[in-house]
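The values are calculated or read from the model by the stated rules, or taken from the named source; none is laboratory data. Bear in mind that the values here come from a model prediction, so they are computed numbers and not experimental data. Neighbour counts are summed over all protein chains in view; Cβ atoms, including those assigned to glycine, are modelled from backbone coordinates with ideal geometry.
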Amino acid sequence: MDFTAILKDAVEKKASDIFLVTGIPVTYKVNGTIQKQDSEKLLPGQAEVLLAEAYNKAQRDINRLLLTGDDDFSYSLKGFSRFRISAYKQRGSLAAVIRLVAFDIPEPKKMSIPDEVMNVVSKTKGLVLVTGPAGGGKSTTLACVIDEINKTRNSHIITLEEPIEFLHKNNQSIISQREIHADTEDYVTALRASLRQSPDVILVGEMRDFETIRTAMTAAETGHLIISTLHSVGAANSIDRIIDAFPLNQQQQIRVQLSQLLQTVISQQLVPTVDGPLVPAFEIMHCNSAIRNMIRESKIHQIDNAITGFDEEGMISMDNYLISLYKNGSITAETAVKYSINPESVRRKVCYCSPN
């Protein structure tokens with residue numbers, strides 16, 4: 001069993017992920033569906049050999065994985081693809097999930113990313129969030145946004161990623177791509193250092209803890225554009241997630257701060273189409289004066305209705321986006337309901353409208 005052969009086969013079959021886990025065959029995820037590639041189950045020794053080969057080809061020390069039980073890194077196979085490898089221990093054996101990442105930055109239109117999402121490139125300061133579940137397409141959207149800024153603005157863009165996925169070339173802007181653990185210690189250290197590196201735009205791969213969120217908000221206060229991600233679905237949930245990361249006695253102050261800094265929240269998830277491939281569904285919220293008041297006055301529960309009411313400002317709720325995908329025949333009614341935030345409401349609406 002050859003590691004490189006597995007990677008090439010997964011690319012040819014248009015897989016999004018590869019699973020190397022003891023006790024099951026080599027498995028791919030294709031269009032969101034788990035597909036076992038043969039009947040032969042991986043033995044612990046075989047998994048260790050495959051992981052050792054991966055580390056050898058990536059010229060990375062496997063001791064981090066052996067000592068901590070977790071490791072993330074990237075690897076490029078010339079002429080095929082880049083790969084984001086998340087290696088870990090499970091039941092005492094080594095395993096990995098490998099995400100396939102294209103060499104070239106994808107075209108937003110081909111990835112079904114609407115213009116209203118790409119319009120965030122016009123923001124020059126504050127905080128822009130791209131949120132959604134793991135595997136929801138956030139990295140692709142971020143890559144498209146950074147690429148558009150790179151093409152159209154004269155800026156210094158710093159990306160902080162774990163690991164680096166899409167590779168950007170300097171265009172109208174200068175791009176400094178820093179990989180956590182390889183180029184810098186952690187997100188907080190890199191964020192603080194980036195403020196001394198004359199940045200205009202800072203991409204923070206993930207705001208995963210209190211310190212990173214606090215430092216990112218401080219960076220946004222200094223007049224920079226901070227773009228980051230959260231693993232939450234919906235603008236209201238994302239705002240609550242940030243506020244809840246802080247101690248109770250600081251939350252009112254954070255509401256005020258966030259109401260001033262937040263520019264846009266783009267929430268997305270990938271949903272299966274009637275033809276099989278996945279398509280992104282988006283919720284787009286831009287902060288206007290009404291929404292800033294809701295954040296400041298702790299009326300986050302009113303934001304979902306506000307998004308629907310401000311559609312003329314380019315906003316759209318996740319549920320309405322799903323209904324629009326159903327109406328144009330891209331997805332089934334069942335899919336619209338399954339991925340909605342308010343299933344009962346969406347179920348009623350799709351019952352009274354037919355796809356084109």
(message) Being surrounded by 15 or more Cβ atoms within 10 Å (Cβ to Cβ), of a type in the set (Asp, Glu), in contact (Cβ under 8 Å) with a residue 24 or more places away in the chain and in contact with a Lys or Arg (Cβ under 6 Å, 6 or more places away or on another chain): is that true of Glu165 here?
(response) yes
(request) Mind counting the residues in segment 1-20 that are over 20 Å from the mean Cα position of the chain (by Cα) and either loosely packed, with under 14 Cβ neighbours inside 10 Å or closer than 30 Å to Ile331 by Cβ (or both)? (result) 8
(request) Could you check how many residues of segment 343-356 are free of Cβ contacts under 8 Å to residues at least 24 places away in the same chain and surrounded by 14 or more Cβ atoms within 10 Å (Cβ to Cβ)? (result) 1
(request) Provide a single number: the residues in segment 194-206 that are in contact (Cβ under 8 Å) with a residue 60 or more places away in the chain and surrounded by 21 or more Cβ atoms within 10 Å (Cβ to Cβ). (result) 1
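Looking for whichever is surrounded by fewer than 19 Cβ atoms within 10 Å (Cβ to Cβ), within 18 Å of Glu162 (Cβ to Cβ) and of a type in the set (A, V, I, L, M, F, W, C) here; the options are Ala219, Ala182. Which one fits? Before the answer, list the steps.
Numbers: Ala219 fails: surrounded by fewer than 19 Cβ atoms within 10 Å (Cβ to Cβ).
From the options Ala219, Ala182, the qualifying one is Ala182.
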(message) Condition check: assigned to a strand (DSSP E or B) and in contact (Cβ under 8 Å) with a residue 40 or more places away in the chain. Does Val279 satisfy that?
(response) yes
(request) Kindly establish whether Ile62 is buried (at least 16 other Cβ atoms within 10 Å of the Cβ), of a type in the set (A, V, I, L, M) and under 20 Å from the mean Cα position of the chain (by Cα). (result) no
(message) Name the residue that is nearest to Val145 (Cα to Cα), counting only residues in segment 88-126 that are over 19 Å from the mean Cα position of the chain (by Cα) and of a type in the set (A, V, I, L, M, F, W, C).
(response) Ala96
(message) So Ser139 passes all but one of these: (1) out of contact with any helix residue (DSSP H, G or I) (no Cβ under 8 Å at 6 or more places or on another chain); (2) crowded, with 22+ Cβ neighbours inside 10 Å; (3) of a type in the set (S, T, N, Q). Which condition number does it fail?
(response) (2)
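Quick one: in segment 67-88, of everything that is exposed (fewer than 14 other Cβ atoms within 10 Å of the Cβ) and not polar (S, T, N, Q), which residue is farthest from Lys14 (Cα to Cα)?
From segment 67-88, those exposed (fewer than 14 other Cβ atoms within 10 Å of the Cβ) are 67-70, 78-79; that's our starting set.
Next, from what is left, pick out any that are not polar (S, T, N, Q): 67, 69-70, 78-79.
Details: Leu67: 33, Gly69: 29, Asp70: 26, Lys78: 17, Gly79: 15 Å.
Step by step, filter segment 67-88, then rank; the result is Leu67.
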(request) Quick one: in segment 259-310, of everything that is over 22 Å from Val145 (Cα atoms) and among the acidic types (Asp, Glu), which residue is surrounded by the fewest Cβ atoms within 10 Å (Cβ to Cβ)? (result) Asp275
(message) Given the criteria among the small types (Gly, Ala, Ser) and without any contact (Cβ under 8 Å) to a residue 24 or more places away in the chain, does Gly69 qualify?
(response) yes
(request) For segment 321-342, enumerate the residues that are among the polar types (S, T, N, Q), part of a helix (DSSP H, G or I) and either crowded, with 18+ Cβ neighbours inside 10 Å or modelled with pLDDT under 95 (or both). (result) Thr335
